[in-house]
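Peer 1: Sharing a structure here in structure tokens format.
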Amino acid sequence: MIRSGKDIIFASKLIREGKLVAFPTETVYGLGANGFDAKAVARIFEAKKRPAFDPLILHIAQFSDLEKVFAKPLPKLVLKLAEKYWPGPLTMVATKNRQVPEIVTSGLSTVAVRMPNHPIALKLLKQAGVPVAAPSANLFGRLSPTEPEHVKEQLTNIDYLIEGGKSVVGIESTIIAVKENSIEILRPGALTAAQIRKDFPGIEVFLSDTEEHIQAPGQLKSHYSPVKPLYLVEEEPAYLSDRSGLMVFEPSGFSGRMAPGVKVLSSTGDLLEAASNMFAALHEFESDENIDRIYAMKVKEEGVGLAIMDRLKKAAFRYSEIENYADVNVGCS
Ligand code: AMP
Ligand code: MG
């Protein structure tokens, strides 16, 4: 069992000593270490079994910290985006400050930075007084944690877990690479391209072409996976066995059938709410002994639906080749 509680001061001391602390953010739980301490950061990779080519996000609590992590002069657009969306679920990638150790960025000349919108995270970061490198507090490639229990299920080798309830956004941050006059979305999230275009009309916002190059491991084809088979379906399966789970994101296209394995993630069709419940539902299916396969009904790939489908496709990737399975064999991918 890992040590857990609500002691932020104690946790910030641990961070300064080079230890590992899992903490809540509004997106998912993070596994943090002093981002300027290469040895402490190495322990993150060890605890998560994360490959070294996968760079980390640095978390800061004050705008003045931007200068510590990014190279000067700071791109003006970075400052404007920070003012508009921070604290919040947006991670910005730009040229790194020399102070940032190579292990944080996997040798890249750029670094990813975010200011989380969560009172515990902000207090921890302020008290620690250093940028905190923090990927999601799960084993590499597995489901992201949105509750303290999820962290305890996967990580045993950490020094402290700050308990802070459920993550309200529940899906990882939108990651963007910021250039002079353009923004490339490396990983979709709750902050959508449409919103950024609306707020910054003069700036070109485009989606990264993941087929051409992998910049962010969030861009790997298989990621965020449950240990049970997950299938994506266009339509509600006509027949569901007793041992199947069904994830429904919105009521449209769903018959309303009641069955123990059915989880409706938003009864009002609010996709932000559905996204926030997605990982928790997958965790429940994963630990439910009565379930041995999971179906997820696809959503339209627009707005936050893009982020939902991004995570679902990666979670289902290992199973996408299987065509004949027991319940339905139409409309899957
Ligand atoms: P995680 O914290 O596990 O959600 O992963 C953080 C994501 O940020 C990963 O997909 C990283 O590859 C991505 N990332 C971190 N640094 C950079 C960078 N310099 N350039 C592009 N992507 C990055
Ligand atoms: Mg992760």
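The values are calculated or read from the model by the stated rules, or taken from the named source; none is laboratory data. Fair warning: this is a prediction, and the values are worked out from it, not measured in the lab. Every residue, glycine among them, receives a Cβ derived from its backbone with ideal geometry; neighbour counts consider all protein chains shown.
Peer 1: Just to check your reading of the model, which residue among 78, 28 is outside any strand (DSSP E or B), within 16 Å of ligand 2 (Cβ to nearest atom) and not acidic (Asp, Glu)?
Peer 2: On inspection, the qualifying residue turns out to be 28.
Peer 1: Just give me the residues in region 14-30 being more than 20 Å from residue 90 (Cβ to Cβ) and either in contact (Cβ under 8 Å) with a residue 40 or more places away in the chain or in contact with a Ser or Thr (Cβ under 7 Å, 6 or more places away or on another chain) (or both), in sequence order.
Peer 2: The answer is 14, 15, 16, 19, 20, 21, 22.
Peer 1: Does residue 240 fit the bill of being modelled with pLDDT of 95 or more, more than 11 Å from ligand 1 (Cβ to nearest atom), assigned to a loop (DSSP other than H, G, I, E, B) and not charged (D, E, K, R)?
Peer 2: It is false that residue 240 is modelled with pLDDT of 95 or more, more than 11 Å from ligand 1 (Cβ to nearest atom), assigned to a loop (DSSP other than H, G, I, E, B) and not charged (D, E, K, R).
Peer 1: State whether the residues of region 168-180 include one that is modelled with pLDDT under 95 and out of contact with any Ser or Thr (no Cβ under 7 Å at 6 or more places or on another chain).
Peer 2: Yes, region 168-180 contains at least one residue that is modelled with pLDDT under 95 and out of contact with any Ser or Thr (no Cβ under 7 Å at 6 or more places or on another chain).
Peer 1: May I pose another question? Of all residues in region 102-158, which are without any contact (Cβ under 8 Å) to a residue 40 or more places away in the chain and within 14 Å of ligand 2 (Cβ to nearest atom)?
Peer 2: Scanning region 102-158 gives a single hit, 154.
Okay, residues lined up against (1) under 14 Å from the mean Cα position of the chain (by Cα); (2) not in a loop (DSSP other than H, G, I, E, B):
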| residue | (1), (2) |
| --- | --- |
| 121 | no, yes |
| 124 | no, yes |
| 139 | yes, no |
| 151 | yes, yes |
| 168 | yes, no |
| 186 | yes, yes |
| 189 | yes, no |
| 198 | no, yes |
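Peer 1: Exactly one of (1) in a loop (DSSP other than H, G, I, E, B); (2) within 16 Å of ligand 2 (Cβ to nearest atom); (3) more than 20 Å from residue 167 (Cβ to Cβ) is unmet by residue 93. Its number?
Peer 2: The number of the failed condition is (1).
Peer 1: List the residue pairs whose Cβ atoms are under 6 Å apart, where the first residue sits in region 44-71 and is under 25 Å from residue 154 (Cα atoms) and among the acidic types (Asp, Glu), the second is modelled with pLDDT under 95 and surrounded by 16 or more Cβ atoms within 10 Å (Cβ to Cβ), and the two are 6 or more positions apart or on different chains.
Peer 2: Going by the 6 Å Cβ cut-off, the qualifying pairs are 54/217.
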